[in-house]
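Worksheet for the structure shown next.
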Amino acid sequence: SPRVIATDEIGKAEEVEALEQMLQAGVSVVTSVHGNRLAELQTREHLNKLLSGRFFERLILLSRREGAGTVEAIYNGKSMERLC
């Protein structure tokens, strides 16, 4: 089975469910989700399930404020502590 899977833009219930199964199987996942703030993502039922389950090592919020890929914040995915 794969060690790492990369996906683009998750959000639908079936996508989140498949991602949850991969994570529970020990597969590392790199994925993207569109949103303006972490608090906004937490209001999405299916995404919040993954966020509150502490499945992610890191959450990196990007914007276009200073050009595409501007890092706005990095969070520890296990504690939800903002690292920078």
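The values are calculated or read from the model by the stated rules, or taken from the named source; none is laboratory data. All figures in this text were calculated on a predicted structure; none of them were measured in a lab. Heads up: the accessible areas ignore ligands, DNA and RNA and are worked out on the full protein's heavy atoms, side chains in. Shrake-Rupley method; radii C 1.70, N 1.55, O 1.52, S 1.80 Å.
Summary of values
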quantity	calculated
Probe 1.4 Å, accessible area per residue of the chain, Å²	70 Å²
Where only C-alpha atoms are counted, convex hull volume of the chain per residue in Å³	93 Å³
Long-range HN-HN contacts of Ala73 with modeled amide H, under 5 Å	Leu61
Under 5 Å, built H, 5+ apart or other chain: amide partners of Val29	Ile5
Gain on full stretching of the segment that runs from Met80 to Arg37 - 0.36 nm per residue minus C-alpha separation	14.2 nm
Within the accessible area of the chain (1.4 Å probe), percent carbon and sulfur	48 percent
